[in-house]
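Colleague: Got a structure here, written out as structure tokens. Questions coming.
The values are calculated or read from the model by the stated rules, or taken from the named source; none is laboratory data. Because the structure is a prediction, the values reported are computed rather than measured. Neighbour counts are summed over all protein chains in view; Cβ atoms, including those assigned to glycine, are modelled from backbone coordinates with ideal geometry. SASA here: full protein model, heavy atoms, side chains in, ligands and nucleic acids out. Shrake-Rupley method; radii C 1.70, N 1.55, O 1.52, S 1.80 Å.
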Amino acid sequence: METNRQKKIGGVIQKDLVDILQGEVRKNGISNLIISVSKVSVTTDLSVATVHLSIFPQEKAKETLAAIKSNAPLIKHDLSQRVRLQLRKVPNLIFFIDDSLDYIEKIDNALASKENPILNRDLLDRRRKS
């Protein structure tokens, strides 16, 4: 469970990372690309922050994530300049693609189709007792 301090630091990092990433997209003139930071989790020792990104369109997600990972030291430096009065040390950033929206869409499609697992329980895999 996250402490209040971890939540506050995660919120500060999330807000500033959105500004940094969207600013880079605008500065480089890249059109039709949206990067949003959906969640930032900070470890208890405040040394590592896992950043979950939602990238639209989904086709550009892997190449955009690779570019962000290769520029992680520069992003950390920009972040440290923004939060230097709030944090002594900026945590290392680890970036991931947030696929929760795809998961939600998959569930919605399953419920909307003819083969609704709620109405027809035979479609669900039975749990095996071992």
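Colleague: What are the residues whose amide H is under 5 Å from the amide H of residue 95, where those residues sit 5 or more places off or on another chain and H is modelled from the backbone?
Modeller: Amide H to amide H, under 5 Å and 5 or more residues apart or across chains, residue 95 pairs with 51.
Colleague: Using heavy-atom solvent-accessible surface (probe 1.4 Å) with all chains present, what is the largest-first order of 44, 3, 50?
Modeller: 44, 3, 50
Colleague: Compute the separation of the alpha-carbon centres of the range 1-42 and the range 68-110 and state it in Å as a whole number.
Modeller: Here the answer is 6 Å between Cα centres.
Colleague: Can you compute log10 of I(q)/I(0) for the chain with the Debye formula, treating each Cα as one identical point scatterer, at q = 0.14, 0.17, 0.20, 0.21 Å⁻¹?
Modeller: -0.72, -0.90, -1.10, -1.19
Colleague: Let me ask something additional. As a check on your grasp of the helix formula, calculate [θ] at 222 nm for the chain: sum -39500 (n - 2.57) over DSSP H runs of n ≥ 4, divide by the residue count, round to the nearest 500.
Modeller: Rounded to the nearest 500, the figure is -14500 deg cm²/dmol.
Colleague: ³J(HN,Hα) across the range 105-110 via Karplus (A = 6.51, B = -1.76, C = 1.60, θ = phi - 60°), whole Hz, x for Gly/Pro?
Modeller: Calculated HN-Hα couplings, in order: 5, 5, 5, 4, 5, 5 Hz.
Colleague: Going highest first, how would you order 26-35, 92-101 by mean Cβ packing within 10 Å?
Modeller: 92-101, 26-35
Colleague: On a 0 to 90 degree scale, rounded to 10, what angle separates helix 61-70 from the longest Cα axis of the chain?
Modeller: Helix 61-70 and the main axis of the chain meet at about 30 degrees.
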